[in-house]
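Shown next, in structure tokens, is the structure this report addresses.
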Amino acid sequence: MQDLKLLEYLEGFLTENRRERFKRVLPLRTKHFTVATEDVYQLHNTSAVMRSCDVFGIQELNIVEEVNSKSIDREIAMGAQKWVDLNRYHSTTDCIKDLKAQGYQIVATTPHIDDCELIDFDITKKSCFFFGRETEGLSQQVIDEADCYLKIPMVGFTESLNISVSAAIILQHVTAKLRKSDINWKLAEREIIEKRFDWIKKTIKDYDAIVERFKEMN
């Protein structure tokens, strides 16, 4: 109860527009699906994927930095780094192990393996969509350990799409289907409260001082 009183107090420091945005966006967030990028070396691609995660309600993005390690480009992410949780891994092994422990199936996105086309993808399973490097694609490790393979049908001469474009197409499709389903895909109430605190902290200045003032008052 104390936390909820503090939350209400902190929300008083937000603009009405920001409070309404939080109330509108949070019920549409999900961890049923997540995304992982594997050693993407073009910074704008990772940033654009993060932006797509935010746009389509994906709460977490996993980044494997076994070879390449860079900061998110704030201009391309367009502020998405505030609203999407970023999990960084130093190896593909650690990333896959952690995701599987959380109950995610590993979905390798590749145009070269005939398994499942996007339109036929089973949305009922918790899934992490893996995207590889711009030219090499996914590592053999991801291919070997994947639970399924997903492809976007293409009919032109070009055999692949830019990673950020592929991510946007896949996420738009699967999240649209998810929201029309009976699957329990939303964040738990506890997770929503945690995100409200987190987003407020990233929004208002002097957050710690305001919290201390509240504690003194109570």
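Brief remarks follow.
- Identity of the residue in the stretch 174-185, in a loop (DSSP other than H, G, I, E, B) and among the hydrophobic types (A, V, I, L, M, F, W, C), that ends up most open to solvent (accessible area, probe 1.4 Å): 183
- For the stretch 46-78, taking the residues that are of a type in the set (Asp, Glu) and part of a helix (DSSP H, G or I), the one that is modelled with the lowest pLDDT is identified as 75.
- Looking only at the stretch 25-41, residues that are over 18 Å from residue 139 (Cβ atoms) and of a type in the set (S, T, N, Q) come to 2 in all.
- The residues of the stretch 113-163 that are farther than 26 Å from residue 184 by Cα, touching a residue at least 40 places away in the same chain (Cβ under 8 Å), open to solvent by 30 Å² or more (accessible area, probe 1.4 Å) and of a type outside the set (A, V, I, L, M), listed by number, are 133, 134, 139, 141, 145, 159, 160, 162.
- Single match in 114, 122, 94 (criterion: part of a loop (DSSP other than H, G, I, E, B), modelled with pLDDT of 95 or more and on the phi < 0 side of the Ramachandran plot): 122
- Annotation note: Cβ proximity below 6 Å between a residue of the stretch 203-214 that is within 15 Å of residue 15 (Cβ to Cβ) and a residue that is surrounded by 14 or more Cβ atoms within 10 Å (Cβ to Cβ) and not hydroxyl-bearing (Ser, Thr, Tyr) (sequence gap 6+ or interchain) occurs for 204/13.
- Residue 160 meets all of the listed conditions (1) touching a helix residue (DSSP H, G or I) at 6+ places or on another chain (Cβ under 9 Å); (2) closer than 20 Å to residue 29 by Cα but one, namely (2).
- Of all the criteria given as (1) over 22 Å from residue 21 (Cα atoms); (2) open to solvent by less than 20 Å² (accessible area, probe 1.4 Å); (3) not charged (D, E, K, R), the one not satisfied by residue 171 is (1).
- Residue match in the stretch 186-209 (condition: under 27 Å from residue 107 (Cβ atoms), β-branched (Val, Ile, Thr) and not in a helix (DSSP H, G or I)): no
The values are calculated or read from the model by the stated rules, or taken from the named source; none is laboratory data. As the structure is a prediction and not an experimental result, all values here were calculated from the model. Backbone-built Cβ (ideal geometry, glycine too); neighbour counts: all protein chains shown. In case anyone asks, the SASA skips ligands and DNA or RNA and just uses the protein heavy atoms, side chains included. Shrake-Rupley method; radii C 1.70, N 1.55, O 1.52, S 1.80 Å.
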